[in-house]
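What follows is calculated from the coordinates using simple rules that are stated; it is not laboratory data. Since this is a predicted model, take the numbers as computed values, not measurements. We place every Cβ from the backbone using ideal geometry, glycine too, and count neighbours over all the protein chains shown.
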Ligand SMILES: [Zn+2]
């Protein structure tokens, strides 16, 4: 420990001008001394290692310097008082550690000694570090002295936790807030120290030390001490990395870079490195969310925005990374991070969920703009014209987060018709349906165009005529169903069994169609004027008996998960922070938002 403090002591600022990172405090104090309006008590608030004790000693020197006969903004640093104060050994400047002298007895002692005049200087100065540690009784005793301080007494209180101080104490102090020292200022100071010490260092090594010190000059100097004492020759960046490890923000950036490359394997490996560095899962999610927030800010406000709280280097990195993301992608990623953080609370083994979140973010299809998402959704729906992006629609009574209650499952098929053009054109009907889902289920097929001749059921010609069948569906205001059936390969039997097989990449559509089986059966039966029963198979299932029972839509948990895995669906959900209640293709010319939204 003694070794660690060598540089910090040796290069402690000795004058207000030398103070690093707290120029505002130094200037205000100098001005006060110059004007002769010197408070009785000062409060220095700020995190550790930012210069509170250093400034307190400079202030003590300014008040007590023996080279002039009044307080001076520029103490000499050479007189006995200045030198003793600099060492922390002056008889008139009493430094007290509030953490270890926190009781009433110590403060009583202080009060009784305060009545004595200083031995050789103008003031008796009490510097109480970590003053918030004092007990309440001690504070009360201190307050009496603060209320009527002897003219020859000055107090300097320092605290890392000003909010723990009684307001009665704070109100009697002139308060100075010490800021965390920017990494750039720390780096420059380290450079000066290294130059004075005549040690060779790589610029990048100092930058790393400065950044890892997180605003604390004392920590930075301690680290530099440690690095210089362990190595020989020039201090390199690699040595710093070896000692400090790679900082978590770089690891976080590496995860995000892998996500940008749509490389889930790499993203997981980088996540592993981030966690191996000692970061918790919650911390990792928070760091990722923060990184994506910065990217979002770069994309919305530009890389120079004040909202981005990053030093120069990381800010440039963020600007570079941001080029690889669209705004919806960055926003969506923040959503994934925060929802995953919520989801893992209280889980005994949450890592899988976090990894799943990273894999989702790295899903290649996710990082497209909204326009291509819309197009993709349009294609998913059928080959119909691309639909306008709409919020996922929850059914009328769907509680948030339970989009697939049993009730909902039953109503999924009827809900399909919410998008039927005739209904959309009639707001009253639409509202009525929203208000009463049962009415909706009962009235939906009223919209079928009347008077159409049934199509002939010709099983062997059905594949060739499938698109004509779809046209007929659209003509009967069943565009939504057509959207679900258009991409299927039909195989029919004379008995009215219609097997619809979907390609592997159409699994989502297949499921939706299967969920709407009852409605599909009914509509097709009407279309062909005979009983038609459909089976919905993936191409790998062809030939096997269908597991579906044909009575109605069933959405299992596994199916729901599968649905939720589709990157395009995910992107929309994250963008709107919603959940899937239903997936509805939207025919063109019908764009009003409908249904209650989640
Ligand atoms: Zn002096």
How many angstrom separate the Cα center of segment 161-222 from the Cα center of segment 284-351?
27 Å
Calculate log10 I(q)/I(0) of segment 123-204 for q = 0.27 Å⁻¹, where I(q) comes from the Debye formula with a single equal point scatterer on each Cα and nothing for solvent.
-1.39
Protection-proxy order for peptides 526-539, 302-315, each taking the mean of Cβ atoms within 10 Å per residue, highest first
526-539, 302-315
Take the Cα atoms of segment 1-119, build their convex hull, and give its volume per residue in Å³.
129 Å³
For segment 183-244, what is the per residue volume of the convex hull drawn over the alpha-carbon atoms, in cubic angstrom?
65 Å³
At what distance in nm do the modelled label points of residue 161 and residue 458 sit from each other, each positioned 7 Å from its Cα along Cα→Cβ?
8.6 nm
If you take the alpha carbon radius of gyration of segment 130-265 and divide it by 2.2 N^0.38 Å, what ratio comes out, to two decimals?
1.55
